[in-house]
Number of protein chains: 2
Amino acid sequence: MVVRQGSTLQLRSGCPINLSLEVLGDRWSLIVVRDIIFGDRRHFRELLTQSEEGISSNILADRLRTLVDAGVLSRTDDPRHKQKVSYSLTERGIQLVPVLAQLAGWGVRHLPVSDELGIRARILDEGGPPLWSRFMDELRWMHLGSPRPAGPSVFDDLQAAYLAAAAKSARTR
Amino acid sequence: MVVRQGSTLQLRSGCPINLSLEVLGDRWSLIVVRDIIFGDRRHFRELLTQSEEGISSNILADRLRTLVDAGVLSRTDDPRHKQKVSYSLTERGIQLVPVLAQLAGWGVRHLPVSDELGIRARILDEGGPPLWSRFMDELRWMHLGSPRPAGPSVFDDLQAAYLAAAAKSARTR
């Protein structure tokens, strides 16, 4: 069973699409997961203050709790950091990469995506499942302590492409 | 530009994941799209009364309006049917198949999915992108009037597998 006892999630049907959407709650949940996956934001304050969409503090706290309850994130005390609590992806959370990649690919093809925020979606879309799989292995290293995968870092490549696009768009503004 | 003038959608950032989630609104939007794609429910009453999750009439009306505004569905008068208004997928809506397939695949691997409601997700997961692509061609025929694709119907195969699993689960209950 996914959901912790005492969870307030209501499971309305056993359909896999419905259950996924119930566990993910609403759009803010996937936004939080996105910021942890692509921005490596692991602490409450980073997730709050660096939010592109201006998530509110109470929604962030609620969605982090839901995602931990649903087994998508784990929450640990991080004694090296002055904000003691840090969040990591679980294997279940890492397996959301293909869902986010497809959602991002759909957005980039159909919606008025900005250059700098769309570049990572374009790279993920072009790389397809083999790239997603390499990225997931890297996230297993970053979040689960698995061995570091060989080869160039997908995370760094995505980040570098984003920073280059953001700099270019700042110059032409 | 995606969104019709006068739309109430607030676009909080140009990130493709955020935009996709804003356009899709909330979980009920994807549930409605799911029922149109996999159940071929094209009229308000079918979508309302056959809903596994018990969508309410006002939420359904609101989400249909949002999805039409976002260009995911089109709304036409159907003179052959006593409920005159019918909904069809647009190309943009059909391209949500890979998003739903990934979301369903994630659900079936991680959540307490029921046998009969999980069978289609398992088939889509095993078939992968080639099967999704054939299914999308069939939806283009069903919703957009494109030529009927050759070969067996993915829609019928999914439906038959679901009905067989539902019958089996009714027998063993």
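The values are calculated or read from the model by the stated rules, or taken from the named source; none is laboratory data. Computed from a predicted model, the values in this text were never measured in an experiment. Counting neighbours? That spans all protein chains shown, and the Cβs are built from the backbone with ideal geometry, glycine included.
Picking from residues in the stretch B:56-78 that are in a strand (DSSP E or B) and of a type outside the set (Val, Ile, Thr), the one that is nearest to B:Val23 (Cα to Cα) is B:Leu73. Just one of (1) facing chain B (nearest Cβ under 9 Å); (2) on the phi > 0 side of the Ramachandran plot fails for A:Val99. It is (2). The single condition among (1) within 23 Å of B:Asn18 (Cβ to Cβ); (2) part of a loop (DSSP other than H, G, I, E, B); (3) in contact (Cβ under 8 Å) with a residue 12 or more places away in the chain that A:His81 does not meet is (1).
Against the numbered list (1) hydroxyl-bearing (Ser, Thr, Tyr); (2) in contact with a strand residue (DSSP E or B) (Cβ under 7 Å, 6 or more places away or on another chain); (3) modelled with pLDDT under 95, A:Ser74 comes up short only at (3). Against the definition (at the interface with another protein chain (Cβ under 9 Å from one of its Cβ atoms), part of a helix (DSSP H, G or I) and within 17 Å of A:His143 (Cα to Cα)), how does A:Arg92 come out, yes or no? For A:Arg92, the condition - at the interface with another protein chain (Cβ under 9 Å from one of its Cβ atoms), part of a helix (DSSP H, G or I) and within 17 Å of A:His143 (Cα to Cα) - is met. Looking only at the stretch A:28-43, decide whether some residue is hydroxyl-bearing (Ser, Thr, Tyr), within 12 Å of chain B (Cβ to nearest Cβ), in contact with a Leu (Cβ under 7 Å, 6 or more places away or on another chain) and buried (at least 17 other Cβ atoms within 10 Å of the Cβ). Yes - at least one qualifying residue is present in the stretch A:28-43.
For the stretch B:131-144, does any single residue satisfy the condition of being within 14 Å of chain A (Cβ to nearest Cβ) and touching a Pro at 6+ places or on another chain (Cβ under 7 Å)? Yes, some residue in the stretch B:131-144 is within 14 Å of chain A (Cβ to nearest Cβ) and touching a Pro at 6+ places or on another chain (Cβ under 7 Å).
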